[in-house]
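A.B. asks: After the structure tokens below, expect a handful of questions from me.
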Amino acid sequence: MIEHHQLVKMCSAFIEPASVISSERLLNGFSNDNFLIRTKQQGHLLKCYKSHWPAIGLEAQRFLSEFNICPAPLWLDKANQCAAFDYIEGDTAQSRTSVAHSLINKLAQVHAYCVKTPLMNIAQELLFYQRSTIYKQYQSQIEKTLKVISDMPFNEGFCHNDLVKENIIVSASGMYLIDFEYAKTNDVYFDLASLAISFNLSEQNERVLLADYENCTVRKNKFTQSIDKLNCYKLLYLVLCIGWYEQRAIKNKSVELRAQLNKITTLMVF
């Protein structure tokens, strides 16, 4: 556990140490160690990355922050895998009404971010969990779904790839996206599926989501609304999430997601 004086020393590169009045570890992140550092003027978020240095995501946040989509990196320490951001005072998105036009518009802007990265390989990501209970239980559906989406048009965009509601902050000044560690080129339906799952949207609300997204995207001629495609990506996204949570013994998260996965598999006809 990093002590207060160690945090102050780490932050001395961008904060006057004497101005720090408090520090606390935030418990709502699983991939990193996150700390809230407060001065009399404002709060700063210090992120200590555990797995990889997210160079692509950090550069994307720098660019997208100019459009009030996300907070910009204030300070980077690649050698120690740490980064600092302004702390957004607000709450994580909770209700289905949070999937509002303003959020969809910001997501469409993220997808339009003009950078080409290695493509997220969903099949390869899934194989990481091939020995897990969830993968073995749904292996047939997974393989059939991968085959189905391979025959569908690919809606390319720069995707967040971890768009759980905890990564959407609602503040007095609007909605902001955070935690771009896994951001890279992908099919935009992966992000749309994650919204549908995280907010447990009904099919009617999913259709509204797709229609709203089509109206917001600058690539209207390259986007086709498809509930079938959304369901395919929901299935794959759920397997990835459940595998990730169960690997870390986070049972309360996986139970709800398993219920959604069971429901989706009854609706899909291969």
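A.B. asks: Would you call Glu246 free of Cβ contacts under 8 Å to residues at least 12 places away in the same chain and either surrounded by 15 or more Cβ atoms within 10 Å (Cβ to Cβ) or of a type in the set (Gly, Ala, Ser) (or both)? Walk me through it before giving the result.
C.D. replies: On the way: free of Cβ contacts under 8 Å to residues at least 12 places away in the same chain: no; either surrounded by 15 or more Cβ atoms within 10 Å (Cβ to Cβ) or of a type in the set (Gly, Ala, Ser) (or both): yes.
No: the conditions fail for Glu246.
A.B. asks: Right, next: Count, please, the residues in segment 47-59 that happen to be touching a strand residue (DSSP E or B) at 6+ places or on another chain (Cβ under 7 Å) and either farther than 16 Å from Ser31 by Cβ or in a loop (DSSP other than H, G, I, E, B) (or both). Talk me through it step by step, then tell me what you get.
C.D. replies: So the first thing to find is which residues in segment 47-59 are touching a strand residue (DSSP E or B) at 6+ places or on another chain (Cβ under 7 Å), and the list is 47-50, 56, 58.
After this cut, where a residue has to be either farther than 16 Å from Ser31 by Cβ or in a loop (DSSP other than H, G, I, E, B) (or both) as well, the list is 50.
Qualifying residue count for the region: 1.
A.B. asks: From Glu214, Glu143, grab the single residue that is farther than 15 Å from Val110 by Cβ, in contact with a helix residue (DSSP H, G or I) (Cβ under 7 Å, 6 or more places away or on another chain) and free of Cβ contacts under 8 Å to residues at least 12 places away in the same chain. Let's see the steps before the verdict.
C.D. replies: Working: Glu143 fails: in contact with a helix residue (DSSP H, G or I) (Cβ under 7 Å, 6 or more places away or on another chain).
The unique qualifying residue is Glu214.
A.B. asks: Take segment 78-103 and flag every residue that is acidic (Asp, Glu) and surrounded by 13 or more Cβ atoms within 10 Å (Cβ to Cβ). Explain how you work it out, then say what you get.
C.D. replies: Applying the first criterion (acidic (Asp, Glu)) to segment 78-103 yields 86, 89, 91.
Result: Asp86, single match.
A.B. asks: Kindly provide the set of residues from segment 15-46 that are in a loop (DSSP other than H, G, I, E, B), surrounded by 14 or more Cβ atoms within 10 Å (Cβ to Cβ) and not hydroxyl-bearing (Ser, Thr, Tyr), ordered by number. It would help to see each step written out before you state the result.
C.D. replies: Here is the first cut: in segment 15-46, the residues in a loop (DSSP other than H, G, I, E, B) are 15-16, 27-31, 40-42.
The next check asks that each one be surrounded by 14 or more Cβ atoms within 10 Å (Cβ to Cβ); those that pass are 15, 29, 31.
Listed by number, the residues that qualify are Ile15, Gly29.
A.B. asks: Quick one: Gly57 ticks every box in (1) out of contact with any Asp or Glu (no Cβ under 6 Å at 6 or more places or on another chain); (2) in the same structural domain as Cys11 (by TED's automatic domain parsing) bar one, so which box is it?
C.D. replies: (1)
A.B. asks: Which of the residues belonging to segment 163-180 are in contact with a Gly (Cβ under 7 Å, 6 or more places away or on another chain) and assigned to a helix (DSSP H, G or I)?
C.D. replies: none
The values are calculated or read from the model by the stated rules, or taken from the named source; none is laboratory data. Worth saying up front: this structure is predicted, and the values here are computed from it rather than measured. FYI the Cβ positions are ideal-geometry reconstructions off the backbone, even for glycines, and counts take in every protein chain you see.
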